[in-house]
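Undergrad: Okay, handing you the structure first.
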Amino acid sequence: MKKTHLLLLIFTLIVALLFIGGCGKGETPSEPSGTEAEGGKAEGAAEPIKLIFATWEQPSTYIGQVYQAMADRIEENSGGRVIMDMYFSGSLLEYADVFAGCSSGRADIVTCVSNMAPFELNNIFHQTYIGIPDQLPTTKAYKELLATFPELQEEMESYNVRWLSIRAMPPNQLHLTKKPVRVPSDLKGLTIMAGGDNIVDLVEGAASINAAPADMYLNLERGLADGQLIHWNAIVTFGLKELYKYHVSFGGEALDTGLDSAAIGFLINKDTWYSLPSDIQEIIVEACEWADVENGKHDEGKEAREWSIQQRHIFIEQTEEELDEWRKLGDILVERWIEKTEAKGWPASEIYNALVEYIEKYRNMDLS
């Protein structure tokens, strides 16, 4: 009998303990749904979106400061929903690695020049165009081209990236250390720093090399290169003005025309882009477009040109007959690009003709 009472007592205690434990997990919680106790974080609160930005630009330069202001603009306009993690001076991705780093997702957003990646259709932004105008009208032409032809973004997405914005850099001219050049044959025996397919490679006896910004000064100083196809702003940025003695323009005054005009823009990883809410996408694009405008206002090259004039550098402007020799080589490069690109199924000829139309449309338009 005592044993029976003992078993009944144990059973009663077990039931009581189960009941007490269950009261803490009832269907009506003591705190409102979706919150923690006082002082805790709301369970439903969204974490900020962290985006990694990488560039070779130094934070102390004008362009670097614009990039930082762009990041601040994104954070402010998103109300703190986006946090930009900024990597300058190639600290995350070196110059040659920014495209691959964005494509692979190591960085979410990068700066990229149009000849830095294995593009085909998007090489439209680096085609030779003798007498191409300064960066503001050319930027207008590039932006209209990107907005008009979705194939440009389709190709980018095949590399797992897409353009956020794009602008033209100032037109490239030919700068030399050893001797003046008037026509292509004068390049014989010279090595010129130039990216991608370029006129130099079509000149018998001349050679071109591609160089990262960090190597440009040493290449010239040590005689590994005798000149460069580059714009005046870059000469200042990379500290090259003291090394050059001769400057060749194409199709007009050295101040405002050139041989071609590479595009530079902001790329975003495609997976990152499609993971973002639409309003955040709009905020990021707006900030990148704002940065394009700010960078377009800055002209370090003007000071460098004036300094070069004071140093009695030689500025060379060709006659129409001499320009025709450059145009013939430029036409060969364009025709090769069209043939190669259309073989891949892209409408290269249509897009090139549109670019020519847009360039002439904006060339003399008042864009101030």
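Undergrad: Calculate, in nm to one decimal, what SER275 and LYS328 gain on full extension: separation in residues at 0.36 nm each, minus their alpha carbon distance.
TA: 14.4 nm
Undergrad: Using Cα-only point scatterers and the Debye equation, what is log10 of I(q)/I(0) for segment 99-144 at each q in 0.16 Å⁻¹, rounded to two decimals?
TA: Taken in order of the listed q values, log10 I(q)/I(0) reads -0.57.
Undergrad: Can you pull the one-decimal nm distance between simple spin-label points at GLU321 and TYR62, each 7 Å off the Cα toward Cβ?
TA: Here the modelled spin labels are 4.0 nm apart.
Undergrad: Which of the residue pairs LYS245/LYS361; LYS143/LYS344; LYS178/LYS340; LYS143/LYS178 have a Cα-Cα distance greater than 27 Å in the structure shown?
TA: Long pairs (Cα-Cα over 27 Å): LYS245/LYS361; LYS178/LYS340; LYS143/LYS178.
Undergrad: About the Cα centre, and with charges only on the beta carbon of Lys, Arg (+1) and Asp, Glu (-1), how big is the dipole of segment 267-340? Nearest 20 debye, please.
TA: 260
Undergrad: Cα extents of segment 140-259 along the three principal axes, largest first, in whole Å?
TA: 44, 30, 30
Undergrad: Add +1 for every Lys or Arg and -1 for every Asp or Glu among the other residues with Cβ under 13 Å from the Cβ of TYR244, and state the total.
TA: +3
Undergrad: Using only alpha-carbon positions, what ratio does the radius of gyration of segment 294-347 give when scaled by 2.2 N^0.38 Å? Write out the running numbers ahead of the final one.
TA: On the way: Rg = 18.4 Å, N = 54, 2.2 N^0.38 = 10.0 Å.
For segment 294-347, the normalised Cα radius of gyration is 1.84.
Undergrad: Moving on. Taking 1 over the mean of 1/r across every pair of different Cα atoms in segment 157-215, what Kirkwood radius in Å do you get?
TA: So the Kirkwood estimate lands at 13.9 Å.
Undergrad: On to the next question. Would you kindly give the portion of the calculated P(r) for the chain that falls above 28 Å, as a percent of all Cα pairs?
TA: For the chain, the share of Cα pairs beyond 28 Å comes to 52 percent.
Undergrad: Now for a different question. Local charge sum around GLU350 (other residues, Cβ-Cβ under 13 Å, Lys/Arg +1, Asp/Glu -1)?
TA: So the environment of GLU350 carries a net charge of -3.
Undergrad: Any idea what the dipole of the chain comes to, in debye rounded to 20, about its Cα centre with Lys/Arg Cβ at +1 and Asp/Glu Cβ at -1?
TA: Dipole magnitude for the chain comes out near 1260 debye.
Undergrad: Given the DSSP H assignment, sum -39500 (n - 2.57) over each helix run of at least 4 residues in the chain and divide by its residue total; what's the result at 222 nm in deg cm²/dmol, nearest 500? Numbers along the way, then the final one.
TA: Working: 12 runs with 158 residues, N = 368.
About -13500 deg cm²/dmol.
Undergrad: Output ³J(HN,Hα) for segment 197-212: one whole-Hz value per residue in order, computed from phi by the Karplus curve 6.51 cos²θ - 1.76 cosθ + 1.60 with θ = phi - 60°, and x for Gly and Pro.
TA: 5, 8, 4, 4, 5, 8, 9, 4, x, 10, 9, 10, 10, 9, 9, 6
Undergrad: For the peptides 342-351, 235-244, what is the packing order when you average, over each peptide's residues, the other Cβ atoms within 10 Å and list the highest mean first?
TA: Numbers: 342-351: 15.3, 235-244: 18.7.
Ranking the peptides 342-351, 235-244 by packing returns 235-244, 342-351.
Undergrad: Still on this model: Take every DSSP beta bridge whose two residues both sit in the chain, then give the antiparallel share in percent to the nearest 5.
TA: Roughly 55 percent of the DSSP beta bridges within the chain come out antiparallel.
Undergrad: On to the next question. Please give every one of the aspartates and glutamates within straight-line cross-link reach of LYS270, meaning a C-alpha to C-alpha distance under 12 Å, and leave out same-chain neighbours fewer than 8 residues apart.
TA: The qualifying aspartates and glutamates are ASP108, GLU154, GLU155, GLU157.
Each reported figure results from applying straightforward, stated rules to the coordinates on display, with no laboratory input. Remember, it's a predicted structure, so these values are computed and weren't measured experimentally. When we count neighbours, we look across all protein chains shown, and the Cβ atoms used for this are built from the backbone with ideal geometry, even at glycine.
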